[in-house]
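The values are calculated or read from the model by the stated rules, or taken from the named source; none is laboratory data. Keep in mind that what you see is a predicted model, and the values were worked out from it rather than measured. No Cβ is skipped: glycine too gets one built from the backbone with ideal geometry, and neighbour counts run over all protein chains shown.
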Amino acid sequence: MEMYNVILDTSLILTALKFRVDIFSELKRICDFKYKVSVVEKTLDELKDKKLGKLAVKLLKLKNVNIINTSGEGNVDSILIKLANNDNNVIIATQDIKLKNKLKNTKIITIKQKRYLILIER
């Protein structure tokens with residue numbers, strides 16, 4: 001069975017915290033396949049400057065979220081697009097509408113009705 005890599009974007013992490021959506025129990029609920037949860041290291045940098053950012057970083061450490069070290073080129077969105085395009089087993093978890101529109105043929109996880117996560121396959 002394949003292992004998927006669910007990569008959390010800054011927008012989803014912060015929105016989940018704001019609306020008290022438990023990302024990790026929601027992922028268990030919607031993912032009926034093996035997966036690991038990851039963030040791009042630059043996402044951690046983005047979080048440091050945001051309201052709820054410290055809490056977010058703490059949560060990611062607590063949950064042993066895998067950190068993807070990138071060579072530093074581009075912003076988080078361009079890195080996520082590249083990762084999604086290079087690997088069919090990547091699922092991007094984001095609230096960013098522009099990013100969602102750029103991710104063609106990629107599975108996406110997003111927050112619906114400020115309450116729960118959904119998996120969209122396109």
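Structure values in brief
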{"read-out": "Candidate set from region 23-42 (those that are in a helix (DSSP H, G or I) and either modelled with pLDDT of 95 or more or small (G, A, S) (or both)); member that is surrounded by the most Cβ atoms within 10 Å (Cβ to Cβ)", "value": "I23"}
{"read-out": "Residue match in region 90-110 (condition: among the acidic types (D, E) and loosely packed, with under 15 Cβ neighbours inside 10 Å)", "value": "no"}
{"read-out": "Near pairs, Cβ below 9 angstrom, 6+ apart or cross-chain, from region 55-74 (closer than 22 Å to F24 by Cβ) to any residue that is in a loop (DSSP other than H, G, I, E, B)", "value": "A56/K50; L59/V65"}
{"read-out": "Qualifying residue in region 6-22 (condition: modelled with pLDDT of 95 or more, touching a Cys at 6+ places or on another chain (Cβ under 9 Å) and part of a strand (DSSP E or B))", "value": "yes"}
{"read-out": "Failed criterion for N69 (all others in (1) surrounded by 13 or more Cβ atoms within 10 Å (Cβ to Cβ); (2) farther than 14 Å from A93 by Cβ hold)", "value": "(1)"}
{"read-out": "Test result for E41, touching a strand residue (DSSP E or B) at 6+ places or on another chain (Cβ under 7 Å), without any contact (Cβ under 8 Å) to a residue 40 or more places away in the chain and not polar (S, T, N, Q)", "value": "yes"}
